[in-house]
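One structure is given below, encoded as structure tokens.
The values are calculated or read from the model by the stated rules, or taken from the named source; none is laboratory data. The structure presented is a predicted model; accordingly, all values stated were derived computationally and were not measured. All Cβ positions, even for glycine, are placed from backbone atoms using ideal geometry, and neighbour counts span all protein chains on display.
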Amino acid sequence: MRAGRVIRVAALGAWLGIAAMAAGAASAQAPPTPEDVARRQYASGLEFLRAGRHAEALKDFQTVVDSYPAASVADEALLAIARYELEVARDATKAQNTAESVLKRFPASDSVAMAYVVAGQAMVQQGLTQANVDAALASFERVPRLFPGTPAVAPALFAAGDTLRRLGRCEEALERFGRVVLEYPRSVWAARARLSSATCLAAAGRVPDAMGALYRVSAMAPGGESVTAARTLGTILNRLYVRPPAQPAYVASERSVAGAGGRLRDVSALAFAPDGSLYVAGKSGVSVLDSRGMPVRAAAAGEIRDMALDPRGRAVAVQRALVVLETGKPPASLVTLTVPPSGGGAARVLDDLSAVAVLSSGDWLIADRSTRAVYRFAAGGKYLGPFATGRISRIAVDPSDNVALLDRDAKTVSIHDRSGRAVTRIATKGTGYALTNPEDLEFDPLGYLYILDRTSVLVFAPKASVPLVTFSDPAAAGGLRRGTALAVDSAARLYIYDDAAERVLVYQ
């Protein structure tokens, strides 16, 4: 009894001692101020961001903005939210609104210069309309004028150049890129400027200059995303222009893609996601395969005629009379499309959808065979207007929003700008080639067009109407027998679904 009491008294004394120490420590250390808490919350958000935990980072940044609006890091937190919306969520409208909130709420802060850059990039991402382009370029131009010498000048110059490049205004773009390289030679923006310069030069037919720009990126540093991208783009140009004439542009890889069961049946379309996974569409829906060709998940159900990926990497597929939109969680969203009647009356439901593509703005291009037309819709299905005419079977979009339309019946391909204006036509027959059974088409990252013609692939340089390269893998030697769907990855490797072999053949 006495022993138990002694233990209890000793325990109480120890607890009181600990409590006294804690009280002493508390009295010696002042409670954190709102500024301290806001800084810690912001730092926590940055740590989550570095770890790729974007949702948690967003929570911390939003807490700083909502709970500590007077803190010195509130402007940086709001800018971080705008960049998340632009670069991760790819919600350009929200990103523009948030960036403009930085300008209004914190007009004297250090974040204003970069907020102009983000606002301009968000305008461009919403579509390369004249109004968007003019406003975006003005936003970029304000940065070196109002904030010379700040870290935002390099990204502002790069963003202006990249916008001009996408518009085909190559000389103006090269001038902006040149300034970045000259004034910020060791920055990441200089490497990105050289990469975009190479794309611009290749599209203009200045291939040696493009290859020189890519070489200089590779020589700047031993590694990094820009160096990897430069080597990848260099591989494309080497394959098309530098290889010995006797060497084929492509050779068959030992690898093919056949899924878990060893066969892929009735495939109608292929597409690569930004993470390198392969989307496969067909009669049973849309499946996503990993780098080993194994199924990861189902993105949509039902019989799919064609498919494309939107800027967020989600599948937009067409059935006969429905658009099937991957939402991230099953089930997929189903959308019925209507167009205004030509002579008044009720809107017409499109019920013979044949092809789909997605512009950089997120807008859909949808072909309908029964009306012999291609229409433009906002993401979600709001009708925006006609785009082109013809019984179109496949649509491809290049990095600058130039659009290729394949008419299988006429065996022709037409190239249009983002407004729908026709700029080039690839005829059924031409110098050194003939389209006999065109099945599919795709652009690579440099804007070269690849046309799958059942047992061969024809490669066209930007704006060219005759092929630069023609590649075939004879069926007699165990090669391509009946290609019906084509995908091109970031290094322009060819992934061709062979309906006879019931697998995807890979050429590199």
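Residue pairs whose Cβ atoms lie under 7 Å apart, separated by 6 or more positions or on different chains, with the first residue in region 83-111 and assigned by TED's automatic domain parsing to the domain that holds Ala70 and the second part of a loop (DSSP other than H, G, I, E, B), are Glu85/Asp91; Arg90/Pro311; Arg90/Arg312; Ala92/Gln126; Thr93/Gln126; Val102/Ser111.
Meeting the requirement of 3 or more residues that are more than 26 Å from Val88 (Cα to Cα) and touching a Lys or Arg at 6+ places or on another chain (Cβ under 7 Å), the helices (runs of 4 or more DSSP H) wholly within region 182-275 are 207-220. Look at region 394-407: where a residue is more than 17 Å from Leu201 (Cβ to Cβ) and touching a residue at least 24 places away in the same chain (Cβ under 8 Å) and a partner is of a type in the set (Val, Ile, Thr) and not in a strand (DSSP E or B), sitting 6+ places away or on another chain with Cβ atoms under 7 Å, you get Leu405/Ile392; Leu406/Ile392. Look at (1) crowded, with 24+ Cβ neighbours inside 10 Å; (2) farther than 17 Å from Asp75 by Cβ and you find that Thr98 fails only one, number (2). All conditions in (1) closer than 27 Å to Leu458 by Cα; (2) touching a residue at least 12 places away in the same chain (Cβ under 8 Å) hold for Arg243, with the sole exception of (2). Listed by first and then second residue, the pairs linking a residue in region 413-434 that is under 15 Å from Pro386 (Cβ atoms) to a residue that is basic (Lys, Arg), with Cβ atoms under 6 Å apart and 6 or more places separating them unless they lie on different chains, are Ser414/Arg425. Put simply, of Gly212, Gly205, Gly234, Gly224 the only residue that is small (Gly, Ala, Ser) and touching a residue at least 60 places away in the same chain (Cβ under 8 Å) is Gly205.
Being hydroxyl-bearing (Ser, Thr, Tyr) and over 20 Å from Glu442 (Cα atoms) is a property that does not hold for Ser361. Would you point out the residue of region 236-282, among those that are β-branched (Val, Ile, Thr) and crowded, with 17+ Cβ neighbours inside 10 Å, that is nearest to Val207 (Cα to Cα)? Among those that are β-branched (Val, Ile, Thr) and crowded, with 17+ Cβ neighbours inside 10 Å, it is Ile236. Taking the condition in contact with a Pro (Cβ under 6 Å, 6 or more places away or on another chain), in the same structural domain as Asp417 (by TED's automatic domain parsing) and of a type outside the set (Ser, Thr, Tyr), does Gly362 pass? Yes, satisfied.
The residues in region 111-130 that are modelled with pLDDT under 95 and either within 12 Å of Phe147 (Cβ to Cβ) or in a helix (DSSP H, G or I) (or both) can be counted, and the count is 2.
Just one of the listed residues (Arg297, Arg314) is more than 25 Å from Val403 (Cα to Cα) and modelled with pLDDT under 95, and it is Arg297.
Checking each residue in region 322-362 for being surrounded by 14 or more Cβ atoms within 10 Å (Cβ to Cβ), at pLDDT 95 or above and part of a loop (DSSP other than H, G, I, E, B) picks out Leu322, Leu337, Leu350, Asp351, Asp352, Leu359. Taking first residues from region 120-137 that are touching a residue at least 24 places away in the same chain (Cβ under 8 Å) and partners that are among the aromatic types (Phe, Trp, Tyr), the Cβ contacts under 7 Å between residues at least 6 apart in sequence or on separate chains come to Gly120/Phe140. When residues in region 370-390 are screened for being surrounded by fewer than 18 Cβ atoms within 10 Å (Cβ to Cβ) and not in a strand (DSSP E or B), 8 of them pass.
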